[in-house]
Amino acid sequence: MTWTVLHIIGMIAYAISGAFVAIQAKYSFIGIFVLGLTTSYGGSIIRNVVLDIPVSDIWDRHSLLVVLATLTTILFVKKNWIHHWNRWGYFFDSIGLASFAIQGGLLAKSLQHDLGIIIIASMFTGVGGGMIRDLLAGRTPLALREEIHAVLTIVCALCIWAGWDSPLELSLIVFFIVMIRMFSVLKCLF
């Protein structure tokens, strides 16, 4: 239950992140949907291509409904509320980073892959969507400017490889990743 909630929060955070980047870039409502969907699903698409499994496996009605409802809601949010996202965005984005990296690692491990592929799957799933979002918005991808993203996805992959797969252990990984990321964000602000 906890894992599902954290993953839904991550999907919502990534959708909001993509939408707000589109709003900042002054994209139309189509741009909001494209960047929101890209951020939420882009990393999973790359991961599935790398793992040689069908890309269509990432689409399920419930997650797609959550993302589309989130993006539709954002269309009605006042544009001056974006500064609230700038304040809380790192926190929710960190949950997304951890939950997506864990998802990628779990999938690679379930397919009996070795540590190297588990790391690659975690990394692409965790940061791939954000990188595509940034490229579509004409920005340097955040994951290429701050190496903490890649390091944290590797930590997730190592935990999955070591056998951490219970809901409590997965929640602890998310908690640890969020704390480290928030510490790095606060350190950069001061």
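Length available on full extension from LEU144 to THR73: 0.36 nm per residue minus the Cα-Cα distance, which gives 22.6 nm. Cα-based radius of gyration for the range 1-100, normalised by 2.2 N^0.38 Å, reads 1.07. Sparsely packed loop sites in the range 110-190 (the GluC sites (Glu not before Pro) outside DSSP H, G, I, E and B with at most 13 other Cβ atoms within 10 Å) comprise GLU147.
Rounded to the nearest 20 debye, the dipole size of the chain about its Cα centre is 760 debye, using +1 on the Cβ of Lys and Arg and -1 on the Cβ of Asp and Glu. Taking every alpha-carbon pair within the range 10-54, the share separated by more than 18 Å comes to 33 percent. The portion of the accessible surface of the range 1-79 made up by carbon and sulfur, rounded to a whole percent, is 70 (1.4 Å probe; DNA, RNA and ligands excluded). A helix-only calculation puts the chain at -27500 deg cm²/dmol for mean residue ellipticity at 222 nm, using -39500 (n - 2.57) for each DSSP H run of at least four residues, averaged over all residues.
When the scattering of the chain is computed by the Debye formula from its Cα atoms alone, each counted once and equally, what is log10 I(q)/I(0) at q = 0.10 Å⁻¹? Scattering profile of the chain, log10 relative to I(0): -0.36.
Remark: the range 92-104, residue by residue, has Karplus-estimated 3J(HN,Hα) of 5, 5, 5, 4, x, 4, 5, 5, 6, 5, 5, 4, x Hz, where x stands for each Gly or Pro and the curve is 6.51 cos²θ - 1.76 cosθ + 1.60 at θ = phi - 60°. Protection proxy ranking for 126-135, 64-73, using the average of other Cβ atoms within 10 Å per residue and placing the highest first: 126-135, 64-73.
Going Cα to Cα from LYS78, which lysines come in below 19 Å? Please leave out same-chain ones fewer than 8 positions away. Excluding near neighbours in sequence, the set is LYS26. Given R0 = 35 Å, the distance between the Cβ atoms of LEU168 and ASP52 translates into a calculated FRET efficiency of 0.65. Per-residue extension of 0.36 nm, minus the Cα-Cα distance of PHE175 and LEU64, leaves a gain of 37.5 nm for this segment. Using the 1.4 Å probe convention, the accessible area of the range 128-170 works out to 52 Å² per residue with neighbouring protein chains retained.
The values are calculated or read from the model by the stated rules, or taken from the named source; none is laboratory data. Computed from a predicted structure; not experimentally measured. All Cβ positions, even for glycine, are placed from backbone atoms using ideal geometry, and neighbour counts span all protein chains on display. Surface areas here come from the heavy atoms of the whole protein model, side chains and all, with no ligands, DNA or RNA. Shrake-Rupley method; radii C 1.70, N 1.55, O 1.52, S 1.80 Å.
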